[in-house]
Structure formats: structure tokens, C-alpha cells
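Derivation of every value follows stated rules applied to the coordinates shown; laboratory data play no part. Keep in mind that this is a model prediction, so the values were computed, not measured. Every residue, glycine among them, receives a Cβ derived from its backbone with ideal geometry; neighbour counts consider all protein chains shown.
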Amino acid sequence: MSRPSKQELAEYRDEASAWFAEHVPPPPGFVMPLTFMEVGTDEQFDFLRAWQSKVYEAGYLGAAWPAKYGGGGLDQAFQDIATEQMRVHGSPIMLNTIGLSWAGPLILDMGTDEERARYIKGILSAEDIWCQGFSEPENGSDLGNAQTRAVRDGDEWVINGTKTWTTHGSYAKYMILLARSIPDAANKYAGLSFFLAPMNVPGVEAVPIRKLTGEYGFTETFFTDARIPADCLMGEEGQGWAVAMRTLEYERSARGGQAGGLMLVAPDHNEVAELAKRARRGGAPAIDDPVVRDKLVEFMIESRGAALSARRASIGPLVQERPMSLPLSGKLMNTELNRRINEFAVSLQGQTGAYYLGDADAVDGGVWQRAYLNSFSATIGGGTSQIQANIIGEHVLGLPKH
């Protein structure tokens, strides 16, 4: 496939901009999730599912995925433009992020033609919602020690165990599942297998978890003699650790190939600056405080740097000394930056920062407080910030494990 011309890209940008300008829906009249991890009500789910389906049918989601499996078959540059225009026009997030951003790319990368034909179009259209079964109550960050068991019984696998922090578990049709199928393997990693597991079978129960914000979005998922077809195994038995590591590369955006779309509404430093104009410090606008202005400029620099780093990562000559440094650092930098910006926005409010959603005197309806509390989920999912720092130390800087 030849690279598109500047004129083709410019025309596509104009078309995408016009489409999103016309079709981005107005606020629906209920609280909307800021990230895909916060979809906790049926009205949020139905609204976002309909929006994803509409964007896909218009050709602005999965534009770079193969046409034979339901994608657009275009160059990645077209999808990048479409996603950019979603951000410009204030598009809602994409509901099926786990399918679009890691299960789908993984299946396209490592799956069989049969698996691609079976799963990819449903991921794009939001007909088939996906969740992730990695973390467990007793083995959160120690993924290699997963204890959920998978036992082969004829043409089926029998699953027993518990997975937690299962985003969309209540709504999902499929789960990317890591389970232990060889308990006496030479080491704990060799005993793991990876499954594209259906959720709508007897013995699977997803129980919603109420979060610090009072909202939902995660579930704890219990498997009790749940039987799934034998062909749900991805790759060979005992290769689950390698497949899971490839999945985490997609989840951490260290590998490209995602379908596109927005998975979160990032805090806008310009909105924080406007908040600083309204907030009061010692009887004067907070933005008059040089310390506040200095912090705002710092956030602007970091935000711009993060955006430029993402572009730089794809330009080989600019990262030839440490080609994986930026991809492996991006998740840590962006999630912690979002958390700190939201925390600063709450701190600007002084005593009123203690109010929350529903409180009559809450600044901006309490949206900053909600965003701050929710920002912690992204610093945990896909590996905690501490784990990310270890990955950077070991795989980028070459530091020893101990």
C-alpha cells in the first residue's frame, strides 16, 4: 500500500471534521464516564455503544484494520486523523476499548484467520464487548502467579477461579483470560495458557464493584466449573505468558495497531487555567499567585511534551539509541500527569474542594473531584506506576532487578 499524499490526508481531515462537527451528540442529560473504566450504568452503556457503532459505520473506527475482517483497509494515517478529529470536536469515548485497543490488535497480530473472522467486526461495531481477566484478588500485580485454573475435559476447558478489576465484566460477551492449565510446569510462567473466553456460559458470575467515587465500572468475576469450547485457547497450551505480555504491550501503548478512538477524556490545562481565574487566594484570583502560574506553565509544558514524545516515538532516527524508551514510558508519564493535573484543580478550590457531585456548592458540579478520584484507576490498570518504573529501569536503562 502506497503512502497517502498530503492532499488525500487534507481532504480526509476536512471530511472527518465535517462529520464529527455534525454528529457528535450533545450532553445526554446524565453523568458521562471520563474513561472506559467508568461505564457503570445501562444508560451510559447504551449511549456509548450506539455512538461507537455510528462512528464505525461512518468509517472512522478501525479505518486501518484489514477490510476482509471488517476494517477500512486504509493507511494508519487516516485513522490517526479520525481520532484527532474526535478529540477536536469533543467526541464521547469509545465504549469497547479493551476490544479496540488490546484484544483486537492481539487477535490481528497472533490469532488465526478463523479467530480474526469470528471476532474483529463485532469488536469494531460494539456488538461484542470484551473484558480482561488478568488480575486476581490475591495476585494483583504478580500476574505470573495467576491461580485461576483451566482443566481440559474433552472438547472443553473447565475454568475455576476469580478475576478482579474486570472492566465491563457485567456487559462483556468475551474475556481475554489468563489461567493456569499446567500446575506442575517447570516454572510458574510455563504453566499459563491464554483464552478468548465467552462470558455467557453457566458458571460465570460478574459482580459489580462499587468504587471510591460511588460509581461502578469494574467487576469481580467468579468462575465455577465454567465450561468453554476447546478452540477458545489462543496459541498453544503453556504459551499464555508470552501472549499476555504481547497484550500488555498493546494496553500500555508500547505497540501500535489499535483501532483508534478516544479511551479517556484527559484533563485540559486550559480549563484548569480558567478555574484558577475563578478560584480565590487571599481575596484575589488564584491565577495572580506566581506559584500557581508557575505550576500551570509546568503542566502545559508536560502536556505538550507528552504529545510530541508520542509523535517522536514513531520516527526511528530520533529514538535509535533507545527505541523503546518512549513507548515504555508513555503510560507512566501520561497517567501520572493526568492524576496530578486533577489533584491541582481540586487544590485550587480551597475548602470547597471537599464538596463532591451532588453538593450544591461544588465548583463546576464536582467534576474535578470525580476526575481526580477516577484518575487512580489508570495509574493501576495495565501495571501500577511502580511496576512501570521498574520496567523502564530494567528494559530501558538496563538496571538490575535487585
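Here are some notes:
- Summed side-chain charge close to Ala58 - residues other than Ala58 whose Cβ falls under 13 Å, Lys, Arg +1, Asp, Glu -1: -2
- Top of Ile387, Ile315, Ile209 by mean-square fluctuation, Gaussian network on the chain, Cα under 10 Å: Ile315
- Entries in Lys188/Lys401; Lys54/Lys211; Lys163/Lys188; Lys163/Lys211 that, when Cα-Cα distance is taken, lie over 22 Å: Lys54/Lys211
- Cβ-Cβ FRET estimate between Phe222 and Ala117, R0 fixed at 41 Å, reported to 0.05: 0.85
- Amide H contacts of Gly238 (H built 1.01 Å from N, in plane; Pro and chain starts excluded): Ser193, Phe194 sit under 5 Å, all sequence-distant by 5 or more or on other chains.
- Added length on full extension, which subtracts the Cα-Cα distance from 0.36 nm per residue, Asp109 to Ser347: 81.3 nm
- GNM flexibility winner over the chain from Asp268, Asp128, Asp359 (Cα, springs under 10 Å): Asp359
- Formal net charge of residues neighbouring Ser135 (Cβ-Cβ distance under 13 Å; K, R +1; D, E -1): -4
- Helix 290-312 and the longest principal axis of the C-alpha atoms of the chain enclose an angle of approximately 40°.
- Under 5 Å, built H, 5+ apart or other chain: amide partners of Met175: Cys131, Ala197, Met199
- Where a label projected 7 Å from the Cα of Arg311 along Cα→Cβ would reach, residues of region 89-114 with amide N under 20 Å: 89-90
- In sequence order, calculated HN-Hα J values of region 315-329 (Karplus, 6.51, -1.76, 1.60; Hz; x Gly/Pro): 10, x, x, 7, 10, 5, 6, 9, x, 9, 4, 6, x, 6, 8
- Matching label, volume of the Cα convex hull per residue in Å³ computed from the structure shown, candidates [x] 153; [y] 118; [z] 165: [z]
- Averaging the sequence gap over all C-alpha pairs within less than 8 Å and six or more residues apart, then dividing by the number of residues, gives the chain a relative contact order of 14 percent.
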